[in-house]
């Protein structure tokens, strides 16, 4: 659940961006979104440093993949979707590692 929902604030479809990020983190870490397994901060945000340390060992996950997850998990919904749009604007650069893996 997005932080703005948990805090009882007004929200819109941007909460889906946060949920998308959490789902990506669940896939990368192969864990549930439960804070006992997925490292979170006290403000409900993702603890990115701990996540990388636990789940993104060298060659375990392409960096662009977890960068997209981190962008989506930003607490400010106006920032997260804007940053996502900027990240995907040079799509070939971001998607390059994925196409290399899928060609196998």
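Numbers at a glance
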quantity: Gained length - residue 5 relative to residue 37, 0.36 nm times residue gap less alpha-carbon distance; calculated: 9.4 nm
quantity: Segments 37-48, 54-65 sorted - mean Cβ within 10 Å per residue, highest first; calculated: 37-48, 54-65
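Just so you know, all these numbers are worked out from the coordinates, no wet-lab data involved. All values derive from a computational prediction rather than experimental measurement. We place every Cβ from the backbone using ideal geometry, glycine too, and count neighbours over all the protein chains shown.
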